[in-house]
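One structure, as structure tokens, below. Some questions next.
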Amino acid sequence: MIGGTALVGPHVIRELTKEGFAKVWTLTRSGKAYYCERALAGDRDDEALANAIKEARPDLIIDMIPFTVLNAEKLVAACETTGIHPRIVAVSSIDVYSAFGRLNRTEEAPYQPVPISEDMALRKRYGPEGPSYDKIGIERVYQEGFDDLVILRLPAIYGWPDTTRVEFYLDEMLGGAKEITMSEDWAAFRFSRCLHKNAAFAISLAARRRKGGATIYNVAEPTAYTELAWAKKIGALCGWNGEIRLSSWATDVEKPRQQFEVDTHAVRRDLGFFEKYDPDEGLADTIAFHAYSRLGKQYEKYY
């Protein structure tokens, strides 16, 4: 496994170990081991990658952190140089779709009907990050370079210790706000999400696939909650007794131009994916973690 030891990666290692993968190796810059895997230190964009492949001689490589075309080209080249041609599972993102470009106004595109399936239009331009984050280019390089490949397009991932998906509403609720104002349009906006443990489970299922060829799957929860429903779930799980008030947008510029919900029938049908871990329980754990962290910060001056 290349990278990914921060949020989803440790859970991937756990799933692989439970599924009987006897030897799991990781390549990260820190070289830190999280479970009982063999951890190697090195930069994926230099000779450390080929050296790691030579040492591990993997049947499978899971690329958790391909961000640039160079990242992808280096992995293809390392496999060619070593003469080792493993199966590949590569983590991509649902932001490759044309709908994301329309949503973020990085390109003009017609409205995309939802849910978005794997064969729908992709963006024609870079996203806001430019070439430093090019999942479309990575997918292209991997499809050209590998014969046995699964690409997983992940949505917004949530789960502790990362609380960025909940803190926007949660901080106001924990701060004693009696009312949160949300525009009617934003309240109706849908965005696909997935608990980090379930994303890891999907990756482990892809690792067990023996079909061959190249396949792309969307991964997300079956329900893409509206922002209003998401905020209400957060409020219910933290015991908030306030009210969410809906208002009109001040300007049309602020309105979301595109719903962003993906279709996950293919990954459920082909790989047997399901929500192995309860999303509500995972969300509750994330909320509790953020609440305790926030409480600790309030008392740091006394420590």
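Looking only at region 154-181, count every residue that is assigned to a loop (DSSP other than H, G, I, E, B) and more than 25 Å from ALA199 (Cα to Cα) and tell me the total.
4
Residue by residue, here is whether (1) of a type outside the set (Ser, Thr, Tyr); (2) in a helix (DSSP H, G or I); (3) crowded, with 19+ Cβ neighbours inside 10 Å; (4) modelled with pLDDT under 95 holds:
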| residue | (1), (2), (3), (4) |
| --- | --- |
| SER92 | no, no, yes, no |
| ARG102 | yes, yes, yes, yes |
| PRO110 | yes, no, no, yes |
| ARG125 | yes, no, no, yes |
| GLN143 | yes, yes, no, no |
| LEU149 | yes, no, yes, no |
| LEU152 | yes, no, yes, no |
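The rows are residues; the columns are (1) modelled with pLDDT of 95 or more; (2) buried (at least 18 other Cβ atoms within 10 Å of the Cβ); (3) closer than 30 Å to ALA22 by Cα.
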| residue | (1), (2), (3) |
| --- | --- |
| LYS178 | yes, no, no |
| ASP185 | no, no, no |
| LEU195 | yes, yes, yes |
| ASN198 | yes, yes, yes |
| SER204 | yes, yes, yes |
| ARG210 | no, no, yes |
| ASN218 | yes, yes, yes |
| PRO222 | yes, no, no |
| ALA231 | yes, yes, no |
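Let me ask you something else. Kindly establish whether LEU60 is in contact with a strand residue (DSSP E or B) (Cβ under 8 Å, 6 or more places away or on another chain), surrounded by 15 or more Cβ atoms within 10 Å (Cβ to Cβ) and either under 30 Å from ARG165 (Cβ atoms) or among the small types (Gly, Ala, Ser) (or both).
yes
On to the next question. Determine the pairs where a residue that is closer than 19 Å to ARG190 by Cα, located within region 231-244, has a partner that is surrounded by fewer than 19 Cβ atoms within 10 Å (Cβ to Cβ) and among the acidic types (Asp, Glu) with Cβ atoms under 9 Å apart, the partner being 6 or more residues away or on another chain.
The qualifying pairs are LYS233/ASP280; ILE244/GLU179.
Has region 236-255 got any residue that is small (Gly, Ala, Ser) and either surrounded by 18 or more Cβ atoms within 10 Å (Cβ to Cβ) or within 15 Å of the chain's Cα centre (by Cα) (or both)?
The answer is no, given that none of the residues of region 236-255 is small (Gly, Ala, Ser) and either surrounded by 18 or more Cβ atoms within 10 Å (Cβ to Cβ) or within 15 Å of the chain's Cα centre (by Cα) (or both).
Identify, by number, the condition in (1) outside any strand (DSSP E or B); (2) over 28 Å from THR81 (Cα atoms) that GLU139 doesn't meet.
In the conditions (1) outside any strand (DSSP E or B); (2) over 28 Å from THR81 (Cα atoms), GLU139 misses (2) alone.
Hey, another quick one. Give the number of residues within region 27-47 that are part of a loop (DSSP other than H, G, I, E, B), under 21 Å from the mean Cα position of the chain (by Cα) and within 20 Å of CYS79 (Cβ to Cβ).
1
Residues checked against (1) modelled with pLDDT of 90 or more; (2) touching a strand residue (DSSP E or B) at 6+ places or on another chain (Cβ under 9 Å); (3) of a type outside the set (Ser, Thr, Tyr); (4) farther than 20 Å from ALA156 by Cβ:
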| site | (1), (2), (3), (4) |
| --- | --- |
| VAL253 | no, no, yes, yes |
| LYS276 | yes, no, yes, no |
| ARG294 | no, no, yes, yes |
| TYR302 | no, no, no, yes |
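For the subset of region 68-79 comprising residues that are without any contact (Cβ under 8 Å) to a residue 40 or more places away in the chain and farther than 16 Å from GLU55 by Cβ, which member is farthest from the chain's Cα centre (by Cα)?
Restricting to residues being without any contact (Cβ under 8 Å) to a residue 40 or more places away in the chain and farther than 16 Å from GLU55 by Cβ, the top hit is ALA77.
The values are calculated or read from the model by the stated rules, or taken from the named source; none is laboratory data. Just so it is clear, the model here is predicted, and its values are computed rather than measured. Here Cβ is always computed from backbone atoms with ideal geometry, including for glycine, and neighbour counts include all displayed protein chains.
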